[in-house]
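So the structure is just underneath, and the comments pick up after that.
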Amino acid sequence: MKVLILGVNGFIGSHLVDRIMQDTDWEVYGLDLGAHKVAEHLANPRFHFVEGDITISKEWIEYHIKKCDVVLPLVAIATPKVYVTDPLRVFELDFEENLRVVRQCVKYKKRVVFPSTSEVYGMCPDEEFDEYESPLVTGPIPMNRWIYSTSKQLLDRVIWAYGFQQGLRFTLFRPFNWMGPKLDSLNTAKEGSSRLVTQFSWNLFNGEPLQLVDGGTARRCFIDVADAMDGIMAVLRNEGGKADGQIFNIGNPANDYSVREIAAMMIAIWKDHPFRLERGIAEGSTVETGSGEFYGKGYQDVARRTPSIKRMQATFGFEPKVSMIDSLKKTIDFFVEEHKAQEKVVETEN
Ligand code: UDP
């Protein structure tokens, strides 16, 4: 199988390449702005990397959609801070650029595996969000946060409609707070525009308090990226065509914690972490902050986000295994290494 991954150097793309190279004989054609997360595969003859931007490398993309069997358009902005500060960029990249790719999949009759998002459920009141039953609930227009959710939702609907009317082969998968090594870059945390675990890691390294937005009562279910990869690989293998025309939540309802609880877990890990002890960095602490202050106006939070994974379980026997604490440890260790590597670069530059 020939797999085209746009955004191959991202969190999901890079882990997917690891798995595909390790477990299959598939070929991967990948495009991204850089290759640091997939560097170890660059010499592998089954991995064909090209440096490029999906807004510019249009001919390369069209040619490779024609050439490949399945397309994963993973290029998107997925950080709430950016939804609030630069909603147009989110729309242009996440919606417009991806629509072009989807249309080419229709034109060349290629299978598309599209990353929808748990954000599409928004403030859904259901206890567990179900792919085929739950309503998708977003906020008013001045709340920029919802541009991501609604951009993704409309693409989900467009893909569904292409399947319905023109026979497009597709699967929509919805990541619920995937976490692990290679998550965001610490640089985004430095600018204050990162996701929760990256932001908290950065704060811990710098002896800063972890900021609990609106008291840290919002709850999320986190899944370790290794478990998430089991899910997405099953979708890609698509045995018996079971993934065709389907929507799947990929998450771990067992790892359901409030932001405050996550902060406490990270502080506990940090307390005994060799890196902290070696450097004499402060023990972690927390401080409460308002969402308006932290994100600016235009932010509205999601209070709870619990996936129903019964479809993944029934279809593929999907069973996530990694606990929150183990996943946090792995992720923090990864960031520690990244932090050390960045310090080395600064030293050499000086
Ligand atoms: N959050 C927080 N402090 C931070 C970063 C995030 O309290 O430094 C909260 C945020 O308000 C939300 C939750 O953590 O309730 C998860 O945010 P994240 O950015 O990871 O994205 P989301 O899960 O909302 O897509």
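The values are calculated or read from the model by the stated rules, or taken from the named source; none is laboratory data. Since the model is a prediction, treat every value here as computed from it, not as a measurement. When we count neighbours, we look across all protein chains shown, and the Cβ atoms used for this are built from the backbone with ideal geometry, even at glycine.
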Out of all the residues in the range 118-141, is one or more within 19 Å of Val82 (Cα to Cα), free of Cβ contacts under 8 Å to residues at least 40 places away in the same chain, within 15 Å of the ligand (Cβ to nearest atom) and among the charged types (D, E, K, R)?
-> no
Count - residues of the range 294-329 that are out of contact with any Phe, Trp or Tyr (no Cβ under 8 Å at 6 or more places or on another chain), modelled with pLDDT of 95 or more and basic (Lys, Arg) = 4
Unique residue being closer than 30 Å to Pro73 by Cβ and more than 19 Å from the chain's Cα centre (by Cα) when the list is Glu239, Glu293 | Glu239
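With a cut-off of at least 1 residues that are within 18 Å of Leu74 (Cα to Cα), name the helices (runs of 4 or more DSSP H) lying wholly within the range 123-229.
On the way: elements: 146-166, 186-190, 196-205.
Per the criteria, 146-166.
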State the number of residues belonging to the range 21-58 that are surrounded by 18 or more Cβ atoms within 10 Å (Cβ to Cβ) and in contact (Cβ under 8 Å) with a residue 60 or more places away in the chain.
-> 1
Can you tell me which residue within the range 79-109, out of those that are out of contact with any helix residue (DSSP H, G or I) (no Cβ under 6 Å at 6 or more places or on another chain) and in a loop (DSSP other than H, G, I, E, B), is surrounded by the fewest Cβ atoms within 10 Å (Cβ to Cβ)?
-> Lys109
So which residues in the range 335-350 are over 13 Å from Trp270 (Cα atoms) and not aliphatic (A, V, I, L, M)?
-> Glu337, Glu338, His339, Lys340, Gln342, Glu343, Lys344, Glu347, Thr348, Glu349, Asn350
Pairs returned, first residue in the range 233-256 that is closer than 15 Å to Asp23 by Cβ, second residue that is among the basic types (Lys, Arg), beta-carbon separation under 6 angstrom, 6 or more apart or interchain, are Met233/Arg19
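Could you check the range 315-338 and list, in sequence order, the residues that are assigned to a loop (DSSP other than H, G, I, E, B) and surrounded by fewer than 18 Cβ atoms within 10 Å (Cβ to Cβ)? Before the answer, list the steps.
Our first condition is that a residue be assigned to a loop (DSSP other than H, G, I, E, B); within the range 315-338, this holds for 317-323.
Of everything in the range 315-338, those that are assigned to a loop (DSSP other than H, G, I, E, B) and surrounded by fewer than 18 Cβ atoms within 10 Å (Cβ to Cβ) turn out to be Gly317, Glu319, Lys321, Ser323.
Out of curiosity, is Lys182 more than 9 Å from the ligand (Cβ to nearest atom), touching a residue at least 60 places away in the same chain (Cβ under 8 Å) and either among the hydrophobic types (A, V, I, L, M, F, W, C) or crowded, with 20+ Cβ neighbours inside 10 Å (or both)?
Working: more than 9 Å from the ligand (Cβ to nearest atom): yes; touching a residue at least 60 places away in the same chain (Cβ under 8 Å): yes; either among the hydrophobic types (A, V, I, L, M, F, W, C) or crowded, with 20+ Cβ neighbours inside 10 Å (or both): yes.
For Lys182, the condition - more than 9 Å from the ligand (Cβ to nearest atom), touching a residue at least 60 places away in the same chain (Cβ under 8 Å) and either among the hydrophobic types (A, V, I, L, M, F, W, C) or crowded, with 20+ Cβ neighbours inside 10 Å (or both) - is met.
Looking at Arg276, is it over 26 Å from Glu119 (Cα atoms), charged (D, E, K, R), touching a residue at least 24 places away in the same chain (Cβ under 8 Å) and surrounded by 13 or more Cβ atoms within 10 Å (Cβ to Cβ)?
Numbers: over 26 Å from Glu119 (Cα atoms): yes; charged (D, E, K, R): yes; touching a residue at least 24 places away in the same chain (Cβ under 8 Å): yes; surrounded by 13 or more Cβ atoms within 10 Å (Cβ to Cβ): yes.
Against the criterion (over 26 Å from Glu119 (Cα atoms), charged (D, E, K, R), touching a residue at least 24 places away in the same chain (Cβ under 8 Å) and surrounded by 13 or more Cβ atoms within 10 Å (Cβ to Cβ)), Arg276 qualifies.
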Of the residues Ala268, Ala264, Ala254, which single one is modelled with pLDDT of 95 or more, away from the ligand (no atom under 13 Å from the Cβ), in a helix (DSSP H, G or I) and more than 20 Å from Leu186 (Cβ to Cβ)?
-> Ala268
Based on what the data block shows, is Met312 hydrophobic (A, V, I, L, M, F, W, C), within 16 Å of the ligand (Cβ to nearest atom), outside any loop (DSSP other than H, G, I, E, B) and surrounded by 12 or more Cβ atoms within 10 Å (Cβ to Cβ)?
-> no
